[in-house]
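Heads up: the structure comes next, in structure tokens.
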């Protein structure tokens, strides 16, 4: 069972799903890649997490924009254009008879290597494309009670070290952050940037509410989140003051509310950070309003 915003109820149907591995639909027991694959050897690749709702992948164009931009930055040839990749997603979804409450993991690596070495020039095959659709719904309890965060020592690096705009398979810094937060008894990690300002969480984007204003980081040290961007847009469309700015942990501890965003859980409240209760410790009114606005946005986006 996953914890934090990725907490879900296990679904026995997932034992029988078909997974797309380079276009071949195989049961999960046979869904394998080579030990020489770039993704396994080095974490060399890009990925997206997608939600299927009412038979449609939510915000697919934005996810594909991010995927192809990251692949270009890595000089990785996906080998399929957007239409062909979309068709492959549709194929595996249809093969599993899926329509709603589905989380899709789209993973692309540089491909198989002649030898386990980092140089991309020893890659001898096309990109590896794996699509895993699972019946998976976020826990409604998380949306109500929220999560607890712990500020970790692991920082989000600057673009000259590893550009956080690339949704790469290489997530070791986020994994280390998650481990430290778990050891501290929290659900997820809050991460600072190289200057000491609040950046993001290990697997979600972070927001605070102060005196009716919504604050999030400037975005220079975090992934270009699809849900993050949608929540910012919803604030602007509904006359909720929203700011992308630098702020410190002092601002966080004194916040009236806090919440995180992500493709899987949408908008989830934060009840506690570093042992400090945020606001009343309960889901705040603005967080609850944004949850409703985001659910309505998903319904509009995924109208059949």
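Looking only at the stretch 242-264, decide whether some residue is surrounded by 19 or more Cβ atoms within 10 Å (Cβ to Cβ), in a helix (DSSP H, G or I) and touching a strand residue (DSSP E or B) at 6+ places or on another chain (Cβ under 7 Å). Yes, that holds for at least one residue.
Can you find a residue that is surrounded by 15 or more Cβ atoms within 10 Å (Cβ to Cβ), at pLDDT 95 or above and assigned to a loop (DSSP other than H, G, I, E, B) anywhere in the stretch 171-182? No - not one qualifying residue is present in the stretch 171-182.
Report, by residue number, each residue of the stretch 184-204 that is touching a strand residue (DSSP E or B) at 6+ places or on another chain (Cβ under 9 Å) and exposed (fewer than 15 other Cβ atoms within 10 Å of the Cβ). Steps first, please.
Of the stretch 184-204, the ones touching a strand residue (DSSP E or B) at 6+ places or on another chain (Cβ under 9 Å) are 184-194, 198-204.
Residues satisfying the conditions are 185, 194.
Residues in the stretch 3-33 that are crowded, with 17+ Cβ neighbours inside 10 Å and assigned to a helix (DSSP H, G or I): 4, 5, 6.
Would you check if there is a residue in the stretch 237-253 being touching a residue at least 24 places away in the same chain (Cβ under 8 Å), more than 28 Å from residue 195 (Cβ to Cβ) and more than 19 Å from the chain's Cα centre (by Cα)? Yes, the conditions are met somewhere in the stretch 237-253.
Taking the stretch 125-156 on its own, how many of its residues are out of contact with any strand residue (DSSP E or B) (no Cβ under 8 Å at 6 or more places or on another chain), at pLDDT 95 or above and either assigned to a strand (DSSP E or B) or more than 30 Å from residue 87 (Cα to Cα) (or both)? Summing the residues that are out of contact with any strand residue (DSSP E or B) (no Cβ under 8 Å at 6 or more places or on another chain), at pLDDT 95 or above and either assigned to a strand (DSSP E or B) or more than 30 Å from residue 87 (Cα to Cα) (or both) in the stretch 125-156 gives 1.
Hey, could you check the stretch 65-85 for residues that are out of contact with any strand residue (DSSP E or B) (no Cβ under 8 Å at 6 or more places or on another chain) and assigned to a helix (DSSP H, G or I) and say which is nearest to residue 17 (Cα to Cα)? First the steps, then the outcome.
Of the residues in the stretch 65-85, the ones out of contact with any strand residue (DSSP E or B) (no Cβ under 8 Å at 6 or more places or on another chain) are 65, 68-69, 72-73, 75, 77, 81-84.
Filter again for assigned to a helix (DSSP H, G or I), leaving 65, 68-69, 72-73, 82-84.
Numbers: 65: 27, 68: 27, 69: 30, 72: 31, 73: 33, 82: 24, 83: 24, 84: 22 Å.
In this case the residue turns out to be 84.
With the structure loaded, tell me whether residue 267 is on the phi < 0 side of the Ramachandran plot and in a strand (DSSP E or B) or whether it fails that test. Yes, satisfied.
Scanning the stretch 72-107 for residues that are in contact (Cβ under 8 Å) with a residue 40 or more places away in the chain and over 23 Å from residue 55 (Cα atoms) gives 73, 74, 75, 76, 77, 78, 79.
Kindly evaluate residue 119 against the criterion of being assigned by TED's automatic domain parsing to the domain that holds residue 53, surrounded by fewer than 14 Cβ atoms within 10 Å (Cβ to Cβ) and over 20 Å from residue 303 (Cα atoms).
yes
Here 18, 64 are screened, and the one residue that is within 25 Å of residue 165 (Cα to Cα) and at pLDDT 95 or above is 64.
Any residue at all in the stretch 88-107 that's surrounded by 19 or more Cβ atoms within 10 Å (Cβ to Cβ), more than 24 Å from residue 137 (Cβ to Cβ) and outside the structural domain of residue 271 (by TED's automatic domain parsing)? Looking for residues that are surrounded by 19 or more Cβ atoms within 10 Å (Cβ to Cβ), more than 24 Å from residue 137 (Cβ to Cβ) and outside the structural domain of residue 271 (by TED's automatic domain parsing), one finds none in the stretch 88-107, hence no. Number of residues in the stretch 193-212 that are assigned to a loop (DSSP other than H, G, I, E, B) and closer than 26 Å to residue 60 by Cα: the value is 3. Of everything in the stretch 213-241, what is over 23 Å from residue 151 (Cα atoms), in contact with a strand residue (DSSP E or B) (Cβ under 9 Å, 6 or more places away or on another chain) and not in a helix (DSSP H, G or I)? Give them in sequence order. Within the stretch 213-241, 240, 241 meet the criteria.
If the condition is being under 22 Å from residue 281 (Cβ atoms), touching a residue at least 40 places away in the same chain (Cβ under 8 Å) and either assigned by TED's automatic domain parsing to the domain that holds residue 73 or surrounded by fewer than 21 Cβ atoms within 10 Å (Cβ to Cβ) (or both), then the stretch 205-236 contributes 210, 211, 212.
The values are calculated or read from the model by the stated rules, or taken from the named source; none is laboratory data. A quick note: this is a predicted structure, and the numbers were derived from the prediction, not measured. Note that each Cβ is placed from the backbone with ideal geometry, even for glycine, and that neighbours are counted across all protein chains shown.
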